[in-house]
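**Student:** The structure follows.
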Amino acid sequence: MITKLLSVLAMLSATCATYAKEQVVVATQNTSIVFTIGDNGRLYQSYFGKKLDNAADYALLPLGKEAYLTHGMEDYFEPALHINHSDGNTSTLLKYKSHATTRHEGYTETIIRLADPVYGDEVAMHYVAYEKENVYKTWTEISNKNKVTLEKFASSMLHFYSKKYFLTQYDGDWASEVHRHTQELLFGKKVVDSKLGARADMFTSPFFQLSFDREATENAGKVLVGTLAWSGNFRFTFEVDNIGGLRVISGINPYASQYALARGETFRTPDFIFTLSLNGTGTASRSLHDWARRYQVKDGLGDRMTLLNNWEATYFDFDQPKLLSLIGDAKKLGVDLFLLDDGWFGNKYKRYNDTQALGDWVVTADKLPDGIGGLTEEARRQGVKFGLWIEPEMVSPKSELYEKHRNWVIRYDNREEYYFRNQLVLDLGNPEVQDYVYGVVDGLMTRYPDIAYFKWDCNSPITNIYSSYQKASQSNLYIDYVKGLYRVLKRVKAKYPNLPMMLCSGGGGRTDYEALKYFVEMWPSDNTDPVERLFIQWGYSQVFPAKVQCAHVTSWNKDASLKFRVNVAMMGKLGFDINLHEMSAHDLAYCKQSVTDFNRLKPLVLEGDQYRLISPYEGNHASTMYVSKDRLRAVVFAFDVYPRYSEKLYPVVMEGLDPAATYHVKEINRADGSQGSVTAYSGNYLMTVGLPLFTGNKLCSRVYELTAR
Ligand code: DGJ
């Protein structure tokens with residue numbers, strides 16, 4: 001017993017010990033963050049970097065900067081916290097009170113408690129350190145015994161001191177998400193934020209990469225990758241100060257969100273998730289992928305279903321016979337599930353287009369006379385699962401719901417309504433609305449228990465920003481909306497723990513790690529052009545594993561062969577959104593073969609380590625590989641996009657293999673159905689010399705399977 005206790009204590013001191021009372025160290029396997037309590041009782045961040053070999057050296061570190069800067073004191077730069085007290089005083093000063101670390105399987109949690117001796121504001125900073133994955137999750141709890149208003153309330157503040165800083169952000173627009181842009185940060189502030197309300201992203205994604213001294217590459221350089229787990233307005237502030245220090249503040253966007261905190265209430269910020277890689281962005285991504293599958297994404301370690309979606313095959317133009325035939329197509333194709341998209345609901349106002357019926361979640365009788373039950377019955381008969389599209393947070397102004405419950409809608413009573421995609425957003429801050437939205441899912445599941453999957457869409461940001469429920473606390477609207485959404489999703493997950501759902505928001509509007517606690521996968525973009533998807537999937541892969549990126553084969557970009565489109569989609573969670581009846585028998589056979597190949601490759605693509613070998617940003621080719629955790633199997637995808645005439649072609653040098661193993665390499669998934677010949681190479685050869693996988697042909701793709709013998 002005593003030996004056991006001693007070994008637990010030893011483990012604790014190795015990862016998160018208190019040093020001579022003045023320091024708190026939070027550490028993963030490779031990195032550590034060191035806080036020092038100054039003589040003035042305030043908390044400073046003394047270090048964040050490669051774990052020092054000798055723990056005693058932490059005591060030698062300079063004090064650093066105040067860890068969680070507050071407004072109103074002597075620092076002249078952006079604060080992390082700003083509280084307005086009821087006497088009009090807007091200052092806060094935080095002093096260290098206590099800290100404690102608890103150890104769990106695979107991670108530690110450290111809570112540092114700070115308090116303002118004058119006003120009694122209390123701040124609890126939480127740091128969860130995932131040892132093996134080198135990932136940190138941090139959030140803050142803010143409370144006060146009196147009524148206060150929170151003006152600024154960051155999840156995290158981090159300090160750095162380097163010669164140079166390079167920020168990589170991912171921005172774009174609808175159907176053009178996650179374009180990578182890098183810039184050097186110089187004195188002053190750079191803000192990346194959004195204020196879309198019901199989603200984090202349309203113009204910029206809630207994640208970034210920050211390299212130190214020089215721009216990090218896939219395999220070299222020190223780089224911080226951070227993301228906010230919040231499905232609403234977010235803000236990252238990067239501020240280089242007068243002495244060349246960089247302060248990174250991450251959290252909810254405080255824009256129009258002064259938050260009224262009642263007496264004794266605690267405000268919990270969303271999680272900021274980050275990893276610091278000492279050898280490039282590839283390692284950082286793999287760390288986040290491992291962490292996400294193991295700790296964050298719903299059913300992160302479970303299997304995923306391939307599917308046939310009808311959206312791009314039919315849009316709103318379908319009826320029962322058409323859908324029954326599509327369910328048969330799903331079976332023919334060999335996928336696991338048929339997913340019925342938008343357009344199945346509304347009777348007074350029928351959903352024949354996107355101008356009406358959102359909110360009226362009853363089947364359109366003349367489109368589907370046998371209801372959803374008729375479809376699930378056919379799916380059961382065919383041996384495929386059935387999934388359904390919903391958008392329960394929204395309402396069309398032409399709907400029975402709007403007619404009955406106008407006070408549930410975020411809208412102005414005294415102004416003309418304006419619409420984004422002809423719809424309005426329901427007021428999820430209102431508990432009655434939360435019950436209603438939960439009831440949409442619960443009602444459908446109760447009526448049609450054979451529904452095996454939902455695609456949960458959210459096509460509009462919050463518009464007409466006024467809640468009749470919030471009355472005088474309008475500035476709580478944005479935050480309470482997202483909190484209300486999570487309350488609903490929690491209830492859905494509690495009642496239907498095994499019900500998988502796809503997170504969608506007019507393409508990639510909702511691609512954040514908090515929502516992914518409730519969803520098994522997400523829809524990265526409405527743009528399914530395979531060339532664009534090479535970039536889009538590349539962008540999201542910086543932070544999210546392939547397992548959560550739904551990738552569908554569609555008819556976008558007919559210049560690209562079916563094989564090219566399929567191969568791009570095989571690098572995510574494969575699905576189809578295409579009319580099989582317009583396909584030749586040969587193409588259909590190819591798709592079927594691809595489903596079989598994908599099912600065999602699932603353990604690599606969905607669970608393995610992803611190596612981005614050649615970036616589409618670099619030129620006319622791209623290549624990505626996935627290696628099983630035991631390094632016995634791998635798959636390499638190679639794409640020639642638009643090679644130039646007589647362009648020089650260089651070999652693709654692989655990564656992540658066992659140098660001592662011999663791999664049998666075979667081209668698979670060929671367009672003509674033939675089998676490639678098998679050649680044996682050592683892992684060392686493949687990772688040193690590489691293979692000539694590129695061609696000079698436009699829009700050409702090849703897939704190679706590697707098996708260690
Ligand atoms: C937007 C989604 O991203 C699409 O996939 C589709 O479901 C439409 N909404 C349906 O309205």
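The values are calculated or read from the model by the stated rules, or taken from the named source; none is laboratory data. On a predicted model such as this, the values are computed, not experimentally measured, just so you know. Note that each Cβ is placed from the backbone with ideal geometry, even for glycine, and that neighbours are counted across all protein chains shown. Remember, those area values only see protein heavy atoms, side chains included, never the ligands or the DNA or RNA. Shrake-Rupley method; radii C 1.70, N 1.55, O 1.52, S 1.80 Å.
**Student:** Considering each of Gly172, Gly226 in turn, give the residue that is in contact with a His (Cβ under 7 Å, 6 or more places away or on another chain) and in a strand (DSSP E or B).
**Tutor:** From the options Gly172, Gly226, the qualifying one is Gly172.
**Student:** For the stretch 524-543, name all the residues that are assigned to a helix (DSSP H, G or I) and more than 15 Å from the ligand (Cβ to nearest atom).
**Tutor:** Matches in the stretch 524-543: Pro530, Val531, Leu534, Phe535, Gln537, Trp538, Gly539, Ser541.
**Student:** If the requirement is being over 25 Å from Asn144 (Cα atoms) and of a type outside the set (Lys, Arg), which of these qualifies: Ser287, Ser250?
**Tutor:** It is Ser287.
**Student:** Whether any residue in the stretch 121-131 is of a type outside the set (Lys, Arg), assigned by TED's automatic domain parsing to the domain that holds Ala292 and out of contact with any Ser or Thr (no Cβ under 8 Å at 6 or more places or on another chain) is what I want to check.
**Tutor:** Checking the stretch 121-131: not a single residue is of a type outside the set (Lys, Arg), assigned by TED's automatic domain parsing to the domain that holds Ala292 and out of contact with any Ser or Thr (no Cβ under 8 Å at 6 or more places or on another chain).
**Student:** While we're on this one: Looking at Gln593, Gln610, can you tell me which residue is touching a residue at least 60 places away in the same chain (Cβ under 8 Å), away from the ligand (no atom under 16 Å from the Cβ) and under 22 Å from Arg294 (Cβ atoms)?
**Tutor:** Gln610
**Student:** Here is a further query. Among the listed residues Val425, Val440, identify the single one that is over 14 Å from Tyr518 (Cβ atoms), within 16 Å of the ligand (Cβ to nearest atom) and more than 24 Å from the chain's Cα centre (by Cα).
**Tutor:** Val440
**Student:** Among residues belonging to the stretch 350-376 that are of a type in the set (Asp, Glu) and over 34 Å from the mean Cα position of the chain (by Cα), point out the one that is nearest to the ligand (Cβ to nearest atom).
**Tutor:** The selected residue is Asp366.
**Student:** Tally time: how many residues in the stretch 275-318 are more than 24 Å from Gly656 (Cα to Cα), among the hydroxyl-bearing types (Ser, Thr, Tyr) and open to solvent by 10 Å² or more (accessible area, probe 1.4 Å)?
**Tutor:** Residues flagged as more than 24 Å from Gly656 (Cα to Cα), among the hydroxyl-bearing types (Ser, Thr, Tyr) and open to solvent by 10 Å² or more (accessible area, probe 1.4 Å) within the stretch 275-318 amount to 2.
**Student:** Given the conditions (1) in the same structural domain as Met583 (by TED's automatic domain parsing); (2) farther than 17 Å from Arg447 by Cβ, which single one is not true for Ile390?
**Tutor:** With respect to (1) in the same structural domain as Met583 (by TED's automatic domain parsing); (2) farther than 17 Å from Arg447 by Cβ, Ile390 is out only on (2).
**Student:** Kindly provide the set of residues from the stretch 375-427 that are of a type in the set (S, T, N, Q) and either in a helix (DSSP H, G or I) or modelled with pLDDT under 95 (or both), ordered by number.
**Tutor:** Thr376, Gln382, Asn407
**Student:** I'd like to check something: does the stretch 384-391 contain any residue that is open to solvent by 10 Å² or more (accessible area, probe 1.4 Å), more than 16 Å from the ligand (Cβ to nearest atom) and not basic (Lys, Arg)?
**Tutor:** Yes, the stretch 384-391 contains at least one residue that is open to solvent by 10 Å² or more (accessible area, probe 1.4 Å), more than 16 Å from the ligand (Cβ to nearest atom) and not basic (Lys, Arg).
**Student:** Here's something else I'd like to know. Scanning the stretch 509-523 for residues that are outside any loop (DSSP other than H, G, I, E, B) and farther than 14 Å from Trp230 by Cα, which turns out farthest from the ligand (Cβ to nearest atom)?
**Tutor:** Glu521
**Student:** Restricting the search to the stretch 149-167, which residues are in a strand (DSSP E or B) and either on the phi > 0 side of the Ramachandran plot or open to solvent by less than 10 Å² (accessible area, probe 1.4 Å) (or both)?
**Tutor:** Scanning the stretch 149-167 gives Leu150, Phe153, Ser156, Met157, Leu158, Tyr165, Leu167.
**Student:** Being aromatic (Phe, Trp, Tyr) and closer than 30 Å to Asp529 by Cβ, is that true of even one residue in the stretch 139-149?
**Tutor:** No, because not a single residue in the stretch 139-149 is aromatic (Phe, Trp, Tyr) and closer than 30 Å to Asp529 by Cβ.
Each row is one residue, and each column tells you yes or no for (1) assigned by TED's automatic domain parsing to the domain that holds Leu278; (2) open to solvent by 30 Å² or more (accessible area, probe 1.4 Å); (3) out of contact with any helix residue (DSSP H, G or I) (no Cβ under 8 Å at 6 or more places or on another chain).
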site: Gln23; (1), (2), (3): yes, no, no
site: Val26; (1), (2), (3): yes, no, no
site: Tyr76; (1), (2), (3): yes, yes, yes
site: Ala80; (1), (2), (3): yes, no, yes
site: His85; (1), (2), (3): yes, no, yes
site: Thr90; (1), (2), (3): yes, yes, yes
site: Tyr96; (1), (2), (3): yes, yes, yes
site: Ala100; (1), (2), (3): yes, yes, yes
site: Arg113; (1), (2), (3): yes, yes, yes
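**Student:** Give just the number: which of (1) away from the ligand (no atom under 16 Å from the Cβ); (2) open to solvent by 20 Å² or more (accessible area, probe 1.4 Å) does Tyr402 not satisfy?
**Tutor:** With respect to (1) away from the ligand (no atom under 16 Å from the Cβ); (2) open to solvent by 20 Å² or more (accessible area, probe 1.4 Å), Tyr402 is out only on (2).
**Student:** Looking at Val488, is it in the same structural domain as Gln549 (by TED's automatic domain parsing) and either over 18 Å from the mean Cα position of the chain (by Cα) or in a strand (DSSP E or B) (or both)?
**Tutor:** Considered against the rule, which asks whether it is in the same structural domain as Gln549 (by TED's automatic domain parsing) and either over 18 Å from the mean Cα position of the chain (by Cα) or in a strand (DSSP E or B) (or both), Val488 comes out as no.
**Student:** In the stretch 338-348, how many are away from the ligand (no atom under 12 Å from the Cβ) and surrounded by fewer than 22 Cβ atoms within 10 Å (Cβ to Cβ)?
**Tutor:** Of the residues in that region, 2 qualify.
**Student:** Scan the stretch 319-337 for residues that are of a type outside the set (Lys, Arg), open to solvent by 10 Å² or more (accessible area, probe 1.4 Å) and more than 31 Å from the chain's Cα centre (by Cα) and jot them down.
**Tutor:** Within the stretch 319-337, Asp319, Gln320, Pro321, Leu324, Ser325, Gly328 meet the criteria.
**Student:** Tell me, which strands (runs of 3 or more DSSP E) wholly within the stretch 552-668 include 2 or more residues that are open to solvent by 20 Å² or more (accessible area, probe 1.4 Å)?
**Tutor:** 609-614, 662-668
**Student:** Also, quick follow-up: Among the residues of the stretch 115-138, count how many are touching a Gly at 6+ places or on another chain (Cβ under 9 Å) and surrounded by 15 or more Cβ atoms within 10 Å (Cβ to Cβ).
**Tutor:** Here the count works out to 3.
**Student:** So, one more: Filter the stretch 489-508 down to residues that are more than 16 Å from the ligand (Cβ to nearest atom) and buried (at least 23 other Cβ atoms within 10 Å of the Cβ), then give me how many there are.
**Tutor:** Selection size over the stretch 489-508: 1.
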